[in-house]
Structure formats: structure tokens, C-alpha cells
Amino acid sequence: MQSISTIDPVDDAAPMNIEAMARESREKLLTWALPVATLLAAIGAWEWLVWAYQIPHYLIPAPSLIAKTLWTDGPSLMGSAWFTVRLTFWSLSLAIIGGVLLGAVFALSRAVEMSLFPFAVILQVTPVVAIAPLILIYVDSTFAALLICAWIVGFFPILSGTVIGLRSADHNLRDLFTLYRATPWQRLRFLLAPSALPSFMAALKVAGGLSLIGAVVAEFVAGAAGQNTGLASRIIESSFRNEIPRMFAALVLVSMLGIVIFLLTTWASRRVLGHWHESEIRRDQ
Amino acid sequence: MKGDPIIRMDRVSKRFGTSTLAVSDMSLTINEGDFISFLGPSGCGKSTALKMIAGLLPVTSGTITIAPAKGKTEHDLGFVFQEPTLMPWATVQDNVFLPLRLAGVSRDGAASRVAEALREVGLTKFAGAYPRELSGGMKMRVSIARAMVTRPRILLMDEPFAALDEMTRSKLNNDVVRLANEHGLTVIFVTHSVFESVYLSTRVVVMAARPGRVADDLTVTVPWPRSEEWRISQGFSAEARRISDSLKGTLDAEHIDH
Ligand SMILES: Nc1ncnc2c1ncn2[C@@H]1O[C@H](COP(=O)(O)OP(=O)(O)O)[C@@H](O)[C@H]1O
Ligand SMILES: [Mg+2]
């Protein structure tokens with residue numbers, strides 16, 4: 001036998017060079033600097049407009065006043081923020097657990113999926129605001145009631161992301177696992193779960209934001225009942241008392257919470273998929 | 001023993017739903033050490049026949065018998081798909097490790113076998129790479145290494161190199177022949193290329209479509225394995241013409257059918 005094979009040229013391995021590295025660091029700078037600069041400019045413009053047109057603070061407070069309120073009302077607002085954080089975190093965690101478990105059951109059995117899917121859809125299409133008063137009546141603990149409302153919102157994206165993901169495994173790879181007589185567990189562990197990760201991570205990004213929305217909306221509905229202390233309650237309270245700067249301060253905290261959730265889920269997705277999935281691979285131009 | 005029947009197909013048919021037969025009444029005896037090509041136009045049931053032999057598709061009627069394995073192997077039958085079919089989230093060595101992992105072999109226990117399989121396809125240096133970092137030909141080599149890692153007797157390949165460029169394809173052709181020869185493999189190689197089938201195989205099974213069936217069974221009597229020189233010789237052309245004519249005959253017949 002002749003012509004023992006040699007390796008074909010690696011066409012993907014781009015040579016590292018100074019120019020590419022410089023371009024990369026420039027790009028990195030731009031992805032941060034550009035949005036931050038735009039944001040600062042917008043805040044500056046806001047501050048200037050309020051000052052130039054003498055807009056009263058009970059209509060639109062200046063960013064500087066909002067910052068001051070955040071500082072002075074810090075302790076009470078932080079307590080509320082922590083409540084909302086806990087609510088969001090727990091509802092998202094439970095949504096992940098419930099969504100993944102039920103998604104796995106759905107993927108394993110068509111019959112179960114067909115019988116339970118209507119319930120999942122009803123849960124999804126009925127606005128939480130409409131169910132929340134009922135839940136508040138049935139559940140004694142306000143925190144638990146809020147948790148259920150926020151959970152309903154985050155649960156569905158995770159469920160559908162998991163089901164779609166588990167179904168998305170390549171059919172030839174499925175054949176390969178059949179050929180090697182993989183057990184159901186091996187199939188789940190080594191084929192279905194990794195195949196499901198991209199759509200699960202996409203669902204997680206959506207569900208993260210939705211859990212926060214669910215937590216805030218639920219609290220708005222429960223607001224009438226009083227004794228709860230999340231950021232939404234602070235907003236309602238401030239609105240009753242016409243404390244507009246405080247309202248904005250609470251709003252800023254909600255937004256920041258949303259941004260943190262977005263950054264965390266984006267980071268997690270990059271961590272998990274970065275080394276192999278198209279959606280998270282960075283390409284040199 | 002080389003030359004003993006290893007796969008026997010007896011009047012095997014396959015129908016998907018209520019459509020026409022994908023494979024009709026296929027009878028074939030394949031001997032140990034044979035390098036067989038299934039040659040035919042697309043849609044003539046080559047993949048279907050191969051998957052039935054692999055046990056990936058149930059037969060509609062007929063029987064397929066595979067002689068029991070005697071040697072030590074985790075899995076007696078390797079399969080190479082038309083696409084490399086690698087797990088994109090796993091490194092090259094983890095992809096090759098998969099069949100052993102599924103058979104319950106530990107990572108440490110498999111390490112030397114995985115390394116050996118990678119060496120045989122010339123990919124030792126790429127053990128830690130991810131599939132997306134490899135060229136099409138290299139991915140196909142990983143796929144071959146994975147099929148070989150369980151030390152199978154039988155290797156089934158479904159148009160494995162159809163998507164590759166000519167140069168890479170001829171290199172991989174030689175690799176497969178070398179592996180088959182060194183390990184005494186029985187190979188069924190599905191292709192729609194007359195030249196590939198002539199160069200590679202000791203026997204060419206020509207298939208025809210609608211219904212999928214064996215149209216001709218030709219032996220290529222030139223000593224095997226063959227040299228690169230033979231590929232550009234008169235003898236090669238003559239064999240290619242003979243098989244090409246047989247294939248044309250089936251295509252013409254099909255044309256009259258319509
Ligand atoms: N899973 C399937 N369901 C229905 N029909 C199929 C399926 N797989 C193959 N066929 C049909 O069977 C015939 C043979 O297909 P195939 O074995 O893939 O041909 P080849 O590999 O020779 O191109 C084709 O007509 C194809 O449409
Ligand atoms: Mg095919």
C-alpha cells in the first residue's frame with residue numbers, strides 16, 4: 001500500500017497577527033464605549049433640557065435629582081429592590097426547574113405532551129394580571145402568591161425552548177446512538193441535552209426578562225392589598241404621594257435589575273455555547 | 001474466516017408507508033473481506049438497504065443475517081454517514097470516544113484506543129480541536145476514526161465522500177482501502193460514482209430505482225488493493241466502461257418505464 005494519507009491543510013486556523021489583535025481590541029472598545037457614550041449623552045441632554053426649560057421636578061425630574069433621591073432614599077429603596085430581586089430569582093429558578101422537567105417529559109412522550117399541552121397554553125395565553133387577583137385570594141402568603149404569578153410568566157418560554165431543543169437533535173446522530181445501542185439515559189445525557197442547549201439558552205434570555213416583568217406586574221396587582229415591599233409597591237406609593245423623583249429612582253432600579261439579568265443570561269449563554277455554537281461564536285472579519 | 005459469508009440478505013423488501021417499494025426483493029451474500037460498492041442513481045434504495053443491514057430500519061419482509069462476531073469488539077459494525085455527523089459541542093477525541101463511552105468503557109480505558117484510531121486517520125494533532133475548526137475532509141476522517149474505534153468487522157459507508165473535492169476524495173479513498181486491508185474489514189461502500197466503485201471495490205452491486213432493486217452484480221477481478229497507477233491505466237478504463245454500461249442499461253430501462 002502506498003500513499004498513506006497526509007493531513008489536508010487547515011483552512012480555518014487564521015494566523016495570529018498584530019493587526020488582527022489591534023482590530024479586535026478596537027472592536028472590543030467600541031462595543032462598550034459606543035453604547036456607554038450614547039447613554040451618557042442622552043442623560044446629559046435630559047439634564048440640560050430640564051434645566052434650560054425650567055421643567056418642574058414633579059413633572060420630569062432631572063437625572064441629578066433622581067441620583068440624589070436614590071442616595072437619600074437608598075436604604076428603603078434597597079430593601080424593596082432586594083425583595084424584587086428575590087422574587088425574580090425564585091420565580092426564574094422555579095420556571096427553569098418546572099420548564100426543563102416538563103419539557104423532558106414532553107420530549108419523551110408524545111401522549112403526555114398532547115394531554116398536557118393545552119394546560120400549558122392556557123397558562124401562557126391568559127394574562128397574569130387577570131389571574132393574579134384569584135391567586136392572591138387563594139394563597140395566603142403574599143410572597144408565594146407573587147411567586148406563582150411571576151413563575152407563570154417565565155415558565156412557558158423555558159418549556160417550549162426545552163421541548164424544541166430536545167427535538168432538534170440531528171437525525172443522523174440519533175441513528176448513530178441507536179446503532180451503538182445507547183440507553184435512554186445516555187441518549188439524554190450525551191445527545192439530547194447538548195442539542196437542546198442553544199434553544200434553552202435563548203429561552204433563558206427571554207424568561208429572565210419576563211420573570212422580572214412578572215414580578216413587577218404581580219406586585220402592581222397585589223398593590224391594593226398593601227403589605228408587600230417590592231419596587232413596584234414603591235412606584236405605586238410614590239405615585240399616590242406625587243413623589244415623582246422617588247418614582248423615577250425606583251424605576252431606575254427596576255431597569256438596572258433588568259440589565260443585570262440580561263447581562264447575566266447573555267454571559268451564561270456565551271459560557272455554555274461559546275466554544276461550539278454558531279450563535280455565540282465570534283468570527284474574525 | 002476470510003471468504004466465508006458474513007452478511008446474507010434474503011428477499012429483503014422495504015416499503016415506507018404505502019409508497020412504492022424503496023427496496024424490492026434484494027438477495028445478496030457478502031463474504032468476509034469483500035469490499036462491495038452499491039452503485040446506482042439517487043433514490044434507488046442504497047441508503048435504505050444499508051440502514052436495514054445496520055439494523056437502523058426494520059425490513060418490511062425478508063431476512064438479513066449477520067454471522068456472529070468471534071473477535072473481541074464492543075460493536076461489530078461501523079457506520080459512516082454521508083455527512084460527518086459529529087457532535088459539534090465535543091472535541092475530536094470525544095467524538096471518537098463516543099462509541100466506547102456508550103459501551104461503558106471508561107475514558108482512561110479508552111484513551112489509547114482513541115489515540116490509535118486518530119493516528120490511523122492522521123489526526124493526532126487535532127485531538128483537542130472542535131469539529132468547526134476542521135475542513136470537510138478532516139471531519140470525514142474523524143467520522144471514520146469513530147467507526148473504527150470499536151474494532152468492527154463490518155464497515156458500512158453511505159456516500160461518505162460525495163461532498164468532498166476530488167483531491168481530498170481520492171486521498172480518503174486510499175485511506176479507506178488501507179484500513180480495510182490492514183484490519184481485514186468487510187466494507188459496503190455506497191456511491192454514485194462509477195470510478196470510485198471501480199477503484200475501491202472487489203465487487204460492484206448495481207442498483208436500479210422504482211422499485212429499488214439489484215440490477216447487476218459485477219466482480220472487479222483486478223488484484224486488490226490497487227495502486228494509484230492503475231487508476232490511470234487502460235485496464236481501469238475498461239472496467240469503468242463495463243460497469244458504466246451496466247448502469248446505463250438500468251437507467252435506460254427506467255426511462256422506458258415512465
Ligand atoms: N424515511 C423515509 N420515508 C419515506 N420514504 C423514504 C424514506 N427514506 C427513503 N425513502 C424513499 O425511498 C427511496 C429510496 O431512498 P434511499 O434509500 O435514500 O435512496 P438512495 O440512498 O439510493 O438515494 C426514495 O424514493 C426515497 O424517497
Ligand atoms: Mg442515499
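The values are calculated or read from the model by the stated rules, or taken from the named source; none is laboratory data. Bear in mind that the values here come from a model prediction, so they are computed numbers and not experimental data. Using ideal geometry, Cβ is built from the backbone for each residue, glycine included, and neighbour counts are taken over all protein chains shown. For the accessible areas, the whole protein counts, side chains as well, though only heavy atoms, and no ligand, DNA or RNA atoms are used. Shrake-Rupley method; radii C 1.70, N 1.55, O 1.52, S 1.80 Å.
Numbers for the structure displayed
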item	result
Taking the convex hull of Cα positions in the stretch B:91-151, its mean projected area over all directions (nm²)	3.5 nm²
Pairs of alpha carbons in chain A whose separation is greater than 25 Å (percent)	63 percent
Two-site label geometry, B:LYS72 and B:TRP230: point separation in nm, points 7 Å out along Cα→Cβ	3.4 nm
Other protein chain Cβ atoms within 10 Å, averaged over every residue that makes up A:146-153	0
Degrees between helix A:142-167 axis and first principal axis of chain A (Cα, 0 to 90, nearest 10)	20 degrees
Solvent-accessible area, 1.4 Å probe, carbon plus sulfur percent, for the protein assembly as shown	64 percent
Stretchable slack from B:ARG8 to B:GLU182, in nm (0.36 nm times residue separation minus alpha-carbon distance)	60.3 nm
Debye equation applied to the C-alpha atoms of the stretch B:145-231, log10 I(q)/I(0) at 0.12, 0.18, 0.27 Å⁻¹	-0.38, -0.86, -1.57
Solvent-accessible area buried by pairing A with B, both sides, nearest 100 square angstrom, 1.4 angstrom probe	3400 Å²
Only Lys, Arg (+1) and Asp, Glu (-1) charged, at Cβ; chain B dipole about Cα centre in debye	540 debye
Rg/Rh ratio calculated on Cα atoms of chain B (Kirkwood radius)	0.97
For the protein assembly as shown, convex hull volume per residue from C-alpha positions, Å³	224 Å³
Candidates B:ASP108, B:ASP94, B:ASP34: whichever shows maximal mean-square fluctuation once chain B is modelled as a Gaussian network with Cα springs under 10 Å	B:ASP108
Solvent exposure of the stretch B:91-151 as accessible area per residue, Å², 1.4 Å probe	36 Å²
Estimated inter-spin distance, B:SER19 and A:SER93, nm [label 7 Å along Cα→Cβ]	5.1 nm
Minimum 50 Å² accessible area buried by the other protein chains, the stretch B:111-144 residues, probe 1.4 Å, relative to alone	B:ARG132
Tilt relative to chain A, helix A:74-108 - C-alpha long axis, 0 to 90 degrees, to 10	30 degrees
Spin-label model distance (nm) - B:ALA238 vs A:LEU263, 7 Å beyond Cα toward Cβ	7.8 nm
Size of electric dipole in the protein assembly as shown: Cβ of Lys, Arg +1 and of Asp, Glu -1, about Cα centre, debye, nearest 20	840 debye
Residue mean of other protein chain beta carbons inside 10 Å, B:169-176	3
Loop trypsin sites (Lys or Arg not before Pro), the stretch B:122-228 (other Cβ atoms within 10 Å of the site Cβ: 15 or fewer; DSSP)	none
Mean separation of Cα contacts under 8 Å (6+ apart) over length of the stretch B:91-151, as relative contact order %	51 percent
Computed FRET value (nearest 0.05) for B:THR124 with A:GLU19, which takes r as the C-beta separation and R₀ as 30 Å	0.40
Accessible area expressed per residue, the stretch A:61-273, with surrounding protein chains retained (probe 1.4 Å, Å²)	49 Å²
Shielded by partner chains, the stretch B:51-78 residues - at least 50 Å² of accessible area, 1.4 Å probe, vs chain alone	B:LEU56, B:HIS75
Trypsin sites (Lys or Arg not before Pro) lying in DSSP loop within the stretch A:152-245, provided at most 16 other Cβ fall within 10 Å	A:ARG181, A:ARG241
